[in-house]
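Enquirer: Here it is, the structure in full.
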Amino acid sequence: MKKTIIAVLVGMVLFGCTDNKKQEKTLLDSIIAVHDKVMRKDDQLMHNKMKLDTLLKTQLTGVADTAAEKRQLMGLNVQLTQAEDAMEMWMQKFDPDQKRKSHQEIMDYFSAQKTQVNAVDSSINAAINASTNYLNTLKKP
């Protein structure tokens, strides 16, 4: 009877650890998936930023209010830069190696990181969409 109880307890402990590790890995994988999605948008971000930089350096011909146009360009450029900087900062601070922490500490950390990387994703999407929409208006006659 004692051997059975011990075997059941050992099994429960091992199963519990496995379940915890699975939860941690699932959460980490979801963070990495968002990171990878954001990184695929980096080319579009840089492309838009270069176009805006070029427009800022050249004469804005055919524009009714050049000062207002430059302010808009500068605002879009700042928005792209801030979104890019936020991603860089998040990547520098993110530490996927949480081995010496408890399961709850790991889950709390990964949950907070998922919230942060989702916020970065949203800011990058907003910056790309705003700048793309603006650049598309310039192509129209």
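The values are calculated or read from the model by the stated rules, or taken from the named source; none is laboratory data. Since we're looking at a predicted model, the values are computed, not measured. In this analysis, Cβ positions are derived from the backbone assuming ideal geometry, glycine residues included, and neighbour counts consider all displayed protein chains. Heavy atoms of the whole protein, side chains included, go into the accessibility calculation; ligands, DNA and RNA do not. Shrake-Rupley method; radii C 1.70, N 1.55, O 1.52, S 1.80 Å.
Enquirer: Might you let me know whether segment 5-21 holds any residue that is part of a helix (DSSP H, G or I), closer than 23 Å to Asn125 by Cβ and modelled with pLDDT of 85 or more? Let's see the steps before the verdict.
Expert: Within segment 5-21, the subset part of a helix (DSSP H, G or I) is 5-21.
Those still in the list that are closer than 23 Å to Asn125 by Cβ too: none.
No, because not a single residue in segment 5-21 is part of a helix (DSSP H, G or I), closer than 23 Å to Asn125 by Cβ and modelled with pLDDT of 85 or more.
Enquirer: Something else: Can you tell me which residues in segment 106-129 are over 29 Å from Gly75 (Cβ atoms) and either among the acidic types (Asp, Glu) or not in a helix (DSSP H, G or I) (or both)?
Expert: Residue satisfying the conditions is Asp108 alone.
Enquirer: Against the definition (at pLDDT below 95, surrounded by fewer than 16 Cβ atoms within 10 Å (Cβ to Cβ) and assigned to a helix (DSSP H, G or I)), how does Thr137 come out, yes or no?
Expert: Details: at pLDDT below 95: yes; surrounded by fewer than 16 Cβ atoms within 10 Å (Cβ to Cβ): yes; assigned to a helix (DSSP H, G or I): yes.
Answer is yes for this residue.
Enquirer: Here's something else I'd like to know. So, in segment 82-94, how many residues would count as being open to solvent by less than 50 Å² (accessible area, probe 1.4 Å) and assigned to a helix (DSSP H, G or I)? First the steps, then the outcome.
Expert: From segment 82-94, those open to solvent by less than 50 Å² (accessible area, probe 1.4 Å) are 83-84, 86-87, 90, 94; that's our starting set.
Now narrow it down to the ones that are assigned to a helix (DSSP H, G or I): 83-84, 86-87, 90.
Number of matching residues: 5.
Enquirer: Continuing with the same structure: Would you be able to tell me the number of residues in segment 95-134 that are among the hydrophobic types (A, V, I, L, M, F, W, C), surrounded by fewer than 16 Cβ atoms within 10 Å (Cβ to Cβ) and in contact (Cβ under 8 Å) with a residue 40 or more places away in the chain? Before the answer, list the steps.
Expert: Filtering segment 95-134 for residues among the hydrophobic types (A, V, I, L, M, F, W, C) gives 106-107, 110, 112, 117, 119-120, 124, 126-128, 130.
Among the residues that remain, those that are also surrounded by fewer than 16 Cβ atoms within 10 Å (Cβ to Cβ) are: 112, 119, 126.
With the extra rule that they be in contact (Cβ under 8 Å) with a residue 40 or more places away in the chain, the set shrinks to 126.
Number of matching residues: 1.
Enquirer: Taking only segment 48-59 into account, find how many residues are in a helix (DSSP H, G or I) and out of contact with any Ser or Thr (no Cβ under 9 Å at 6 or more places or on another chain).
Expert: First, the residues of segment 48-59 that are in a helix (DSSP H, G or I): 48-57.
Retained after the next criterion (residues that are out of contact with any Ser or Thr (no Cβ under 9 Å at 6 or more places or on another chain)): 50, 53-57.
Number of matching residues: 6.
To keep it simple, each residue is scored yes or no on (1) under 30 Å from Glu24 (Cα atoms); (2) of a type in the set (A, V, I, L, M, F, W, C); (3) over 24 Å from the mean Cα position of the chain (by Cα).
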| position | (1), (2), (3) |
| --- | --- |
| Asp43 | no, no, no |
| Asn48 | no, no, no |
| Met74 | no, yes, no |
| Asp85 | yes, no, no |
| Trp90 | yes, yes, no |
| Val117 | yes, yes, no |
| Leu135 | no, yes, no |
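Enquirer: A further question on this structure: Kindly list the number of the only condition in (1) closer than 30 Å to Asn20 by Cα; (2) within 13 Å of the chain's Cα centre (by Cα) that fails for Asp108.
Expert: Exception for Asp108: condition (2).
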